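Only one structure is covered here, and it is reproduced in the block below.
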Amino acid sequence: MMKKILQCGLKCGVFAGVALAAAQGQTAKDAHQQVANLVEANSANWKQVSKQIWDFAELGYHENKSSALLQAQLKDAGFSIKSGVADEPTAFVASYGEGKPVIVILGEFDALPGLSQKAVPERAPVTQGGAGHGCGHNLLGSGAALAAVAVKQYMDANHVKGTLRYYGTPAEEGGSGKVYMVREGLFKDVDVVLHWHPADKNSVIDGGALAVTSAKFTFHGVAAHASMAPDRGRSALDAVMLMGNGIEFMREHVPSNTRMHYIISKGGVAPNVVPDLAQIDLMARSPSNTTLQDIWKRILDVSKGAALMTGTTVEVTDIGSDADIIGNDALAQVAQKNLEEVGGYTMSEEEQKFARDLQKTLGLDTLPSLELTKEIEPFHRPDPNAPSASTDVGDVSWVVPTIGFSTATFVPGVAAHTWQAAASAGTSIGQDGMVVASKALALTTVDLFSNPQLREAAKADFAKELAGKTYRTSIPEGQKPLIDYRGK
Ligand SMILES: [Zn+2]
Ligand SMILES: [Zn+2]
């Protein structure tokens with residue numbers, strides 16, 4: 001099945017590429033050169049912005065300084081700004097131009113708890129236990145804005161019709177910020193969405209990422225003396241443990257690429273008191289959002305069963321949910337061609353020294369070549385059974401044709417959500433990788449404005465991918481963004 005999709009994708013893509021070249025001839029190449037030069041001309045400023053956001057290292061929904069800096073910079077560049085959209089204080093829409101088509105570039109800027117790190121190749125937090133940019137979102141938000149500014153200047157110079165928007169999307173790390181933006185209808189008039197993410201290699205993101213749903217299950221029981229009157233108690237901790245057991249037995253009867261992981265976030269206060277309050281914090285993931293929704297219903301049943309067995313009650317709160325990413329081969333082929341045209345980057349002597357020192361801390365038997373930053377991975381659809389993370393870009397991809405890039409902002413071999421990633425994201429290595437992403441985004445955005453056939457092909461592919469599927473989220477209808485989901 002996957003092979004068939006891939007073959008069709010490559011064939012359709014070659015066709016689209018030839019049609020594009022024939023239709024636009026030399027002009028497409030000139031346009032690419034022009035907008036790539038604009039990215040280059042603006043890059044010093046945005047590298048600086050990325051470093052400032054790296055310094056701010058603010059957690060989801062509290063990215064006040066980072067969001068304000070991006071808004072001020074985009075305003076200066078000629079975008080009109082609408083802030084605080086979708087009940088999210090740090091979300092914003094920066095817009096330029098008018099009418100159709102509407103092309104959106106997504107930007108994220110939240111950090112991760114506990115990953116505070118100086119830009120040095122050894123573990124050295126700036127603030128002990130503080131937040132850090134271990135997912136490189138300082139580069140993500142800045143690089144996406146750099147692309148938007150370059151495309152805006154290109155549109156000005158060439159009288160391009162249409163609307164270009166940059167969406168400032170907060171709390172990607174567990175806050176599902178974009179899901180509320182989808183719910184608010186912010187993507188309703190959008191033709192295509194582009195995004196990118198820091199990584200340790202250069203490639204096109206065409207689908208992949210696991211759908212995820214998370215929640216806290218709080219059990220309420222009755223406290224009693226655990227030795228003198230245990231019969232009068234009803235243990236909330238028993239319920240938590242039975243729920244955990246239920247999940248373990250369930251594991252055999254779900255598709256094997258399902259992930260279910262949890263912690264006991266509250267387990268009582270003393271062994272001689274029957275706990276009247278206990279809590280399990282759980283996440284479930286699957287390559288298919290539809291499959292996950294069915295599994296989630298069964299998890300809710302397990303929690304109800306655990307409550308029933310123990311004479312306790314269960315309360316489900318703080319529900320987060322991201323869908324898987326719907327691929328788009330029509331867009332992927334153009335994105336691949338553009339990323340290859342941009343090419344990677346070569347590390348300087350000094351960067352290579354930093355990279356080698358950092359690689360020594362990874363504990364790997366074989367160290368990946370530093371040449372990887374120069375190379376572009378061949379096009380491939382992600383393997384649905386390969387280990388993967390989740391992103392709220394997924395929800396966007398269910399409502400608008402979406403395509404993305406990964407670029408080598410982390411030293412080869414460095415994974416996201418590590419101090420090594422946070423260190424890389426604060427150096428010129430991260431910034432070099434960021435500029436590669438900005439150029440690839442800018443070239444593809446210019447193609448989307450100039451080529452209606454490409455937009456039509458993207459729409460057709462989107463309809464084909466979603467045939468028979470319905471977008472759903474586990475986030476309850478009236479739930480507002482959980483601004484303090486990481487605690488105050
Ligand atoms: Zn992340
Ligand atoms: Zn991330």
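The values are calculated or read from the model by the stated rules, or taken from the named source; none is laboratory data. Worth saying up front: this structure is predicted, and the values here are computed from it rather than measured. Here the Cβ is made from the backbone with ideal geometry for all residues, glycine too, and neighbour counts use every protein chain on show. What goes into the accessible areas is simple: the full protein's heavy atoms, side chains included, and nothing from ligands, DNA or RNA. Shrake-Rupley method; radii C 1.70, N 1.55, O 1.52, S 1.80 Å.
Tell me, what is the percent relative contact order of the stretch 89-248, built from C-alpha pairs under 8 Å that lie six or more residues apart? Let's see the in-between values first.
On the way: 223 pairs, mean separation 44.1, N = 160.
Normalised by residue count, the contact order of the stretch 89-248 is 28 percent.
Over 10 Å intervals from 0, what percent of Cα-Cα pairs in the stretch 212-255 sits in each interval?
Percent of Cα pairs in each bin: 24, 38, 25, 11, 2.
With every protein chain left in place, what is the accessible area per residue of the stretch 244-288 in square angstrom, probe 1.4 Å?
On the way: 2520 Å² over 45 residues.
Normalised by residue count, the accessible surface of the stretch 244-288 is 56 Å².
Accessible area per residue of the stretch 32-111 at 1.4 Å probe, in Å²? Please list the in-between numbers first.
Numbers: 3150 Å² over 80 residues.
Per-residue accessible area for the stretch 32-111 comes out at 39 Å².
The stretch 117-168: Rg/Rh from Cα coordinates, Kirkwood Rh? Numbers along the way, then the final one.
On the way: Rg = 17.3 Å, Rh = 13.8 Å.
Rounded to two decimals, Rg over Rh is 1.25.
How big is the Kirkwood radius of the stretch 48-183, worked out from every pair of different alpha carbons and given in Å to one decimal?
Numbers: mean 1/r = 0.0655 Å⁻¹.
Every distinct Cα pair counted, the radius reaches 15.3 Å.
Can you flag which of Lys201/Lys337; Lys51/Lys152; Lys201/Lys374; Lys51/Lys353; Lys75/Lys178; Lys100/Lys152 are past 19 Å Cα-Cα? Please list the in-between numbers first.
Values: Lys201/Lys337 16 Å; Lys51/Lys152 23 Å; Lys201/Lys374 9 Å; Lys51/Lys353 21 Å; Lys75/Lys178 22 Å; Lys100/Lys152 15 Å.
Table pairs above 19 Å Cα-Cα are Lys51/Lys152; Lys51/Lys353; Lys75/Lys178.
Let me know the Kirkwood hydrodynamic radius for the chain, please, with Cα pairs as the basis and the value in Å to one decimal. Before the final figure, lay out each step's value.
Working: mean 1/r = 0.0425 Å⁻¹.
Hydrodynamic radius (Kirkwood, Cα pairs) of the chain is 23.5 Å.
Carbon and sulfur atoms: what percent of the 1.4 Å accessible area of the chain do they account for? Write down the numbers at each step before the final one.
Details: 11230 of 20500 Å².
Using a 1.4 Å probe with all protein chains present, the chain comes out at 55 percent carbon and sulfur.
Which value, in nm² and rounded to one decimal, describes the direction-averaged projected area of the C-alpha convex hull of the stretch 231-344?
Values: hull surface 42.9 nm².
Computed as one quarter of the Cα hull surface, the answer is 10.7 nm².
Output the Cα-based Rg and Dmax of the stretch 235-285 in Å, rounding Rg to one decimal and Dmax to a whole number.
12.8, 41
Size of the stretch 190-270 along its principal axes in angstrom, Cα-based, largest extent first?
Its Cα atoms span 65, 29, 27 Å along the three principal axes.
P(r) of the stretch 28-102 in 10 Å steps, Cα pairs, percent per bin?
Reading the bins upward from 0: 16, 38, 34, 12, 0.
What order do you get for 470-477, 407-414, 30-37 when each peptide is scored by the mean count of other beta carbon atoms within 10 Å, highest first?
Details: 470-477: 15.6, 407-414: 28.2, 30-37: 17.5.
Put in order of decreasing packing, that is 407-414, 30-37, 470-477.
Check cross-link reach from Lys29 to the aspartates and glutamates: straight Cα distance under 19 Å, and skip same-chain residues fewer than eight apart.
Reachable aspartates and glutamates: Glu40, Asp156, Glu340, Glu341, Asp447.
Which of the helices in the chain, when you take each full DSSP H run, stretch at least 20 Å along the axis at their Cα atoms and have an average Kyte-Doolittle score of -1.0 or higher?
Values: long enough: 2-24 (32 Å, 1.00); 26-56 (44 Å, -0.80); 137-158 (31 Å, 0.39); 236-250 (21 Å, 1.14); 289-310 (32 Å, -0.02); 428-450 (33 Å, 0.85); 452-466 (21 Å, -0.69).
Long hydrophobic helices here: 2-24, 26-56, 137-158, 236-250, 289-310, 428-450, 452-466.
Taking Rh as the Kirkwood radius computed over C-alpha pairs, what is the Stokes-Einstein D of the stretch 141-246 at 37 °C in a medium of viscosity 0.692 mPa s, expressed in µm² per second?
Numbers: Rh = 19.3 Å.
Rounded, D is 170 µm²/s.
Between Glu40 and Thr366, what is the label-to-label distance in nm when each label sits 7 Å out along the Cα-to-Cβ direction?
Result for the modelled spin labels: 3.6 nm.
What FRET efficiency, computed as 1/(1 + (r/R0)^6) with R0 = 60 Å and r the Cβ-Cβ distance, is obtained for Glu340 and Met241, rounded to the nearest 0.05?
Numbers: r = 53 Å, r/R0 = 0.89.
With a Förster radius of 60 Å, E is 0.65.
State the Kirkwood hydrodynamic radius of the stretch 298-398 in Å, one decimal place, computed from all pairs of distinct Cα atoms.
Working: mean 1/r = 0.0530 Å⁻¹.
It is 18.9 Å.
So if I restrict to the alpha-carbon atoms in the stretch 266-329, what is the Rg, and what is Dmax, the biggest pairwise distance, in Å?
16.1, 60
Over all directions, average the projected area of the Cα convex hull of the stretch 32-74 and note it in nm². Intermediate results must be reported in sequence, preceding the final value.
Values: hull surface 14.1 nm².
Seen from a random direction, the Cα hull of the stretch 32-74 projects 3.5 nm² on average.
What FRET efficiency would be calculated for the residue pair Thr291, Glu248, taking the C-beta separation as r and a Förster radius of 30 Å, to the nearest 0.05?
Numbers: r = 19 Å, r/R0 = 0.64.
That gives a FRET efficiency of 0.95.
Plugging the Kirkwood radius over Cα pairs into Stokes-Einstein for the stretch 412-451, at a temperature of 10 °C and a viscosity of 1.306 mPa s, what D comes out in µm²/s?
Numbers: Rh = 11.6 Å.
Calculated translational D: 136 µm²/s.
In whole Å, what three semi-axes, largest first, describe the equivalent ellipsoid of the stretch 315-369 built from its Cα gyration tensor (square root of 5 times each eigenvalue)? Mind showing how you got there, number by number?
Details: eigenvalues 229, 139, 23 Å².
Ellipsoid half-lengths, sorted descending, are 34, 26, 11 Å.
Using the heavy atoms of the protein chains alone and a 1.4 angstrom probe, what is the accessible area of the stretch 118-191 per residue in square angstrom? Walk me through the numbers on the way to the answer.
Working: 2330 Å² over 74 residues.
Result: 31 Å² of accessible area for each residue.
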